[in-house]
1. Based on alpha-carbon centroids, what's the gap between the stretch 18-41 and the stretch 73-124 in Å, whole number please?
2. So what is the orientation-averaged projected area of the chain, using the convex hull of its C-alpha atoms, in nm²?
3. Can you count the Lys pairs in the chain whose Cα atoms are under 14 Å apart, with each pair 8 or more apart or on different chains?
4. Taking every eigenvalue of the Cα gyration tensor of the stretch 54-119, multiplying by 5 and rooting it, what semi-axes result, largest first, whole Å?
Amino acid sequence: MDRAGKAEAIKSLEGVIADSGSVIVARYTGLTVAEMTEFRGKLREQGATAKVVKNRLFKKALDGKGGDAANAMFVDQTVIAYAEDPVAAAKGASEFAKDNEKLVIVGGMMGDDILDAAGVTALSKMPSREEQIATVVARLLGQASQLGQRLNAPGQGLAGAINAIGDQAAA
């Protein structure tokens, strides 16, 4: 890779770091092409992307963010998983790592915070943005229907009382 290609790759990685909700770092030593394709597919299901990176270029793209802890993650054969949704990349990588011992999650970055492997596991168990939105909408709709029922209750009670009086007068 020539100097211009490296500069372009660094700029691309800087964009990944800036635009992603989280970046998960893993070692993929021993994965076959088919397994790597399966890993990418698992990430795609979650809305995330995987990219094999050159450690030196990624360290330069970090530009000191995360300090030594972030730099220490980039050794051996490294793949990153990233997505706009902070939970998506962690979910996809964790699901694949459960079934395949060759993918070892080293840690990750979420904004300025550095996560270890346990932090990535905890992040993967959180609900995704879509799940959180669905929960909020369901709660709002539930409360709106309860509000409608409570507003209609006095009118229904009055109508029932008028019908009861009318039935008594008819009898």
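1. 9 Å
2. Details: hull surface 62.8 nm².
Its average projected convex-hull area is 15.7 nm².
3. Lysine pair count for the chain: 11.
4. In descending order the semi-axes read 20, 14, 10 Å.
Computed from the coordinates by the stated procedures, all read-outs in this text should not be read as laboratory data. Source: prediction; values computed, not measured.
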